[in-house]
1. Considering all projection directions equally, how large on average is the shadow of the alpha-carbon convex hull of the stretch 33-73, in square nanometres?
2. By the gyration tensor of its Cα atoms, with a ≥ b ≥ c the square roots of the eigenvalues, what is the shape of the stretch 1-72: rounded for a/c under 1.5, prolate for a/b over b/c, or oblate?
3. Which helices pass in the chain if a helix is a full DSSP H run, must span at least 30 angstrom along its long axis by Cα, and must have mean Kyte-Doolittle hydropathy not below -1.0?
4. Ignoring ligands, DNA and RNA, what percent of the 1.4 Å accessible area of the chain is carbon and sulfur?
5. Where the only charges are on Cβ atoms (+1 Lys, Arg; -1 Asp, Glu), what is the dipole of the chain about its Cα centre, to the nearest 20 debye?
6. For the pairs 9/35; 111/162; 16/162; 57/143, flag any whose C-alpha to C-alpha distance is greater than 31 Å.
7. Pick from 59, 152, 105: which residue has the top mean-square fluctuation in a GNM of the chain where Cα pairs under 10 Å get a spring?
8. Based on the Cβ-Cβ distance of residue 4 and residue 134, what FRET efficiency does E = 1/(1 + (r/R0)^6) give at R0 = 35 Å, to the nearest 0.05?
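The values are calculated or read from the model by the stated rules, or taken from the named source; none is laboratory data. Computed from a predicted structure; not experimentally measured. Neighbour counts are summed over all protein chains in view; Cβ atoms, including those assigned to glycine, are modelled from backbone coordinates with ideal geometry. Note: areas computed on protein heavy atoms with side chains; ligands, DNA, RNA excluded. Shrake-Rupley method; radii C 1.70, N 1.55, O 1.52, S 1.80 Å.
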Amino acid sequence: MQISENITKMINGQIKAEFESAYLYQDIANYYYEKGLHGFASWFQVQAKEEVEHAEKFIAYLHQEGKNVVLGDIKKLGKDYASLEEPLQIQIDHEALVTSLIHAIYAAARKEDDFRTESFLVWFVDEQAEEEEHSRNLLQEFKFAEKADALIDLDRALAERK
Ligand SMILES: [Fe+2]
Ligand SMILES: [Fe+2]
């Protein structure tokens, strides 16, 4: 028994969304690097790598199910952020969007009695809860640090993420 064409299509869409996340976070990493906030840059670089790992998990799942992987177009990014704070809000909005995509696949799997996909997606459902929390925390920390004139300290703390 293999997963349906509908689920396959949605997972291919998710592979694209994960690569788009990686592309976005790489763009943000480049932006911070060029602004001289190298800790922020490094933090987003790690974030971008994690998103590639997410794409790889979905790809491996389609391989396991004997389904074809189709890589979609990824749009050009401009790095035209209005302020140092803006990418942090963009990250929050982006993670909320990704959560809704994963929940939509989960709901579709449930409707089809596709227990295997449901089980596979549990890790991602939990991961999104973490990513949403972390992105909210980062924006809050940024605001505190900015007020306290301590952005450079936060930058050094973010450089620690492996
Ligand atoms: Fe992801
Ligand atoms: Fe993410």
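1. Working: hull surface 14.5 nm².
The directionally averaged projection comes out at 3.6 nm².
2. Details: a/c = 5.06, a/b = 3.21, b/c = 1.58.
Here the stretch 1-72 falls in the prolate category.
3. Values: long enough: 5-35 (45 Å, -0.75); 38-64 (39 Å, -0.48); 86-111 (38 Å, 0.23); 115-147 (49 Å, -0.84).
Length and hydropathy pass: 5-35, 38-64, 86-111, 115-147.
4. Details: 4830 of 9120 Å².
Whole-percent figure for carbon plus sulfur exposure: 53.
5. Numbers: 18 positive and 32 negative charges, 69 e Å.
The dipole of the chain has a size of about 340 debye.
6. Too far apart for the 31 Å limit: 9/35; 111/162; 57/143.
7. 152
8. On the way: r = 33 Å, r/R0 = 0.94.
For residue 4 and residue 134, the calculated efficiency is 0.60.
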